[in-house]
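Participant: Mind looking over this structure? Questions follow.
Coordinate-derived values only; no laboratory data. Computed from a predicted structure; not experimentally measured. With ideal geometry, Cβ positions are generated from the backbone for all residues, glycine too; neighbour counts draw on all protein chains shown.
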């Protein structure tokens, strides 16, 4: 995963033994030797073999690249590779070293534990990406993400062949990139949580070694409160500003003062030197304009310049900004809202609105990236992200030239509800299916195959140091103490956080970004594998007309565990202030388990359950479907509902 | 854990809220601020609370130290502290900052998840260590341990109040400390795996910040093959030498040449500057003398100097060595074998032989450290280490002055069978009980209390980044592939590696230190919690005269899981070359499960089982007790044997 463009299985397999080593022909330099060492290290992690180069032994994998990595990675470079494996050796060739990096990751994924040893199957793979821009956006403003957490996620991106890290470095809640020219940006706008320029260069180098471009985003003129703590003159309102916010009016930058542009000239020049990529993201989203409306000078400016609304004022701002960027040899990227015919066609639109919006931009000559449907923070299941096709909707009707303007897409990790501890599980493994959507051919859409491969990739990702599976046990023990947590695990395995933006109700005021994220909702996975598998079992059982005994036995086993779980879990729930909110959930799970078992009993007797029973059980299901104070959805409610409904009106035997 | 010297429970508890913060009075400097920050960070990890200092809020924990950490830590400094917690605040006072560090760790251990929030119970603790030297030895020669793995283990040591890291830096299989004077030591003797001087200084500083002294060991004149690859003139034999070894004769340094001492003068002077601690370990163990016997020049030297045997020759060597160390202001430490009346009383004997050996040294005026019984690599259960009392045997009969010469002890992590991946599980949590033996009062010996507290400490240690529990799942998946591994976990939970030195049979030749450590024996824990708990249940059941229904139910549940496990596990075993050796083990477990259930059936009927049945079942037990090719012991065999024997001759109802 992602599925290669062409896979031709061969016969037999190539053994991975302790004398396995890689030799490189063609283009070589020190950085490339490092990437081969890294591959060998990753292979060593996966197999537990400390490889030893024995003189005179032929290489097991020969790598040939025609050219190296550019000092600054460019969009649209040939990323293709060919990997041929037979029983005696493997050969990896690619026109550029980027292709080699991708091919090495494919090789790693192919490594299997077999009855005779570690091995890769004989195969011929010809592969190249469908889209040249395959990114992941990290919001580091709402919750800061330390360097080591970013690095392990970059390793994860490289493993699934993503090639663009979009770094959302500023927002209302924090300014995270050190500026030497304007030290108060982080000095007053970061609460001490920011990246030094040295750390930024380190991340860029780390990403570069893995074939990943780094695109900075400084979101202006909205989402910019953190700038104003140190530099209040940039803002359109009176202030004072705090990182916590809480004001009714969202602060916006003042686009009418020349001093604003003078500031941005200096700032962008500094950041353009720091971030070598050709693209520079200026955000531009969600400018609500209330501060502009409330400021008489800004109103007067609009009138004087014939700017008839706030959209026109933002377009004026963006035009000025684009000239500054051009002077620094940067191409402007921004969210949907920056689209305006007065801007040159070189700019790139990142669309959170969808394929139609992207298609409209492409028709006007603008390039675009899809992020609609790829917001990881919305807690969707992998299958839902997987189904989002960039070329669907209006995009499907574009001409070939227009289609070529759709450069790819980016998954987005908005950071309202993540810390270093759980960010990995919010990104992985689901991000791998977005990576597949952007790399693999459009017809790669089989969901069952996707989930099977995702499971394997998920384990591979843990070898890279990602903690998307391993961190949960710690978090559960924090809630429950040192006691046996198996009953808590049973509950955690069948719930998912509420979806979309339902975790927070705006009537409660702004989110407290300093609140602990140590509840069950923070520890559980966005998608319940157990619930998905259980739903599949129920489908199988119903489709067999209740005759599949093996499926029924497994269903009964699950239902029994759930029915009995509340009694086991209760002492833990009672003993912890963090778990008390989960009591109704635990009771619902047990009630559903019991209801499901009763339904099966009726089905076994081929006798319809009484209406009163059905009414009562369906009321339980309705109750169980409410997220309640824990903000968690009981994902087995729907399949158990199917059993109840089947029990109430069984098909004839 | 370790249990404090005095604990007076109070009433109520102190809540840990988001405004919790620590203030320091008394001695302060930047390094101390760092230790408070680290404590606050550890508390944040444990609770998931990002603490926020709110102006005007009173501190929840006040810390007062009369003096700071010495730039070079000294043995025997006052490490005591007093910790008083009531419902409104906590106070920690200590004569030195070392005591503060210990008190902060005690505070962290007291933090609990309660029904009303995170809290520490009201309590007054007065605490000080029983012994001043409480160490852990890391062998980094047999398998190299990278800096990050050492660091997380130093955090673990600090958590259980150990204060000495003994760094076994050279042995036959590798020389691990960079020498600028003799670069070929690591250049030819480390296969590239060594610590630079910068890394060594980094580790020493890291340890210092946690109140831990660092004592280097360079093991001479035996265990020194790795020196001779780069400097063959140091050796007593002709060579040539390789790290792999394989020669019949163990290489030893040549104590008869003046050039050897010239080399050591320069080397020890360099290392004495690098390692600031007052103590310097020269090894001195297991000098078999065969190379000396085979070398006519050495024989001639012995005769010329009236050295009547090889022990006398080693004593001559040690006397010369001791003078070099003294010139560098270092106190010599060595293993039992260096004990000789010609050496000054200042030296320290580290005893792998036992308390009697230590007592004999103390009577002669020598200081000593106990390591007998504290070898973590022997795979003993925690209770067995816990029972090793330094002041028992002949040591119990010493005079007070002689007793004072027993400075403490060190657990030893010899590294024949560890990698960075599993070293944590070979050290933790068992090392915590050795730490308790060396810190707590002699009468703290209750095993049930020890295991209960060990379980809690084990979880706390994972917050520090130790992987003694979390790494196993990765290793099991490596063997089994991405499939469900719950059946493999069931097997892994009830086995332990063979004990003592039984993993390796010398008739197989020398150990291959480059072989992969990726088998089940490498992944399982040294001690099976499940087996211990099951044995306890069986005890309870038998002692109830088979009337404890709750115990019987739980026993039956376990036996049923085991009986059914082989069928579940079989596909995994068949599919993996790494698991095939575990097939007999898995079959034995299932057979034992079935036998145990049959025994319970007989007991339930109060009817003696036939003799033939008993004979057959006990044969199964005998079979199950053999480690077989997997090198694993089925730890539930003994309690199941008890059930079988009880079933064959039940007590009267």
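Participant: Once R0 is set to 45 Å, what does the formula 1/(1 + (r/R0)^6) return for the Cβ-Cβ distance between residue B:511 and residue A:86, expressed as a FRET efficiency to the nearest 0.05?
Facilitator: Rounded to the nearest 0.05, the efficiency is 0.80.
Participant: Right, another one. Within 10 Å of each Cβ in peptide A:469-482, how many partner chain Cβ atoms are there on average? Round it to a whole number, please.
Facilitator: 4
Participant: Now for a separate question. Computed over the Cα atoms, what is the radius of gyration of segment A:573-639 divided by 2.2 N^0.38 Å, N being its residue count?
Facilitator: Against the compact-globule rule of thumb, the ratio is 1.28.
Participant: How do the peptides A:511-518, A:149-156 rank, highest first, by the average count of neighbouring beta carbon atoms within 10 Å per residue?
Facilitator: A:149-156, A:511-518
Participant: With only alpha-carbon atoms in the gyration tensor, what are the semi-axes of the equivalent ellipsoid for segment A:32-87, in Å, largest first?
Facilitator: Over the Cα atoms of segment A:32-87, the semi-axes work out to 26, 15, 12 Å.
Participant: Could you tell me how many cubic angstrom of Cα convex hull volume chain B has per residue?
Facilitator: 183 Å³
Participant: Based on the alpha carbons, how large is the Rg to Rh ratio for segment A:524-653 when Rh follows Kirkwood?
Facilitator: 0.99
Participant: Starting from a label point 7 Å past Cα on the Cβ side, list the distances from residue B:306 to the same position in the other copies, nm, shortest first.
Facilitator: For residue B:306, the inter-copy label distances come out at 11.5 nm.
Participant: Which value, to two decimals, describes the C-alpha radius of gyration of segment B:268-389 once divided by 2.2 N^0.38 Å?
Facilitator: Compared with the compact-globule rule of thumb, segment B:268-389 sits at 1.21.
Participant: How far is residue B:447 from the same spot in each other copy, in nm, shortest first, if each label point sits 7 Å from Cα toward Cβ?
Facilitator: When each copy's label point is compared with this one, the spacings are 5.5 nm.
Participant: Can you compute log10 of I(q)/I(0) for segment A:332-461 with the Debye formula, treating each Cα as one identical point scatterer, at q = 0.09 Å⁻¹?
Facilitator: Relative scattering, expressed as log10 I(q)/I(0), comes to -0.28.
Participant: Separate question: Average partner chain C-beta neighbours within 10 Å, per residue of B:456-462?
Facilitator: 3
Participant: Taking the rotation axis that maps chain B onto chain A, which residue of B brings its Cβ closest to that axis, and at what distance in whole Å?
Facilitator: B:470, 2
Participant: Classify segment A:140-297 as rounded, prolate or oblate from the Cα gyration tensor: take a ≥ b ≥ c as the square roots of its eigenvalues, call it rounded if a/c is under 1.5, otherwise prolate when a/b beats b/c and oblate if not.
Facilitator: It is prolate, given that a/c is not under 1.5 and a/b is the larger ratio.
Participant: Please report, for the Cα atoms of segment B:493-537, the Rg to one decimal and the Dmax as a whole number; what are they, in angstrom?
Facilitator: That works out to 13.7, 43 Å for Rg and Dmax.
Participant: Based on the alpha-carbon gyration tensor of the protein assembly as shown, what equivalent-ellipsoid semi-axes (square roots of 5 times the eigenvalues) come out, in whole Å, largest first?
Facilitator: 53, 41, 34
Participant: Cα-based Rg (one decimal) and Dmax (whole number) for segment B:7-136, in Å?
Facilitator: Spelled out, the Cα radius of gyration and Dmax of segment B:7-136 are 14.7, 44 Å.
Participant: In what sequence, highest mean first, do B:614-627, A:73-86 appear when ranked by Cβ atoms within 10 angstrom?
Facilitator: Per-residue mean Cβ counts within 10 Å order the peptides as A:73-86, B:614-627.
Participant: Taking residue B:344 in one copy and the same position in all the others, each labelled 7 Å out along Cα→Cβ, what are the pairwise distances from the first, in nm, shortest first?
Facilitator: Between copies, matching label points for residue B:344 lie 8.0 nm apart.
Participant: Starting from the Cα of residue A:449, step 7 Å along the direction of its Cβ; do the same at residue B:58; then give the gap between the two resulting points in nm.
Facilitator: Each label point is offset 7 Å from its Cα along the Cβ direction, giving 6.8 nm.
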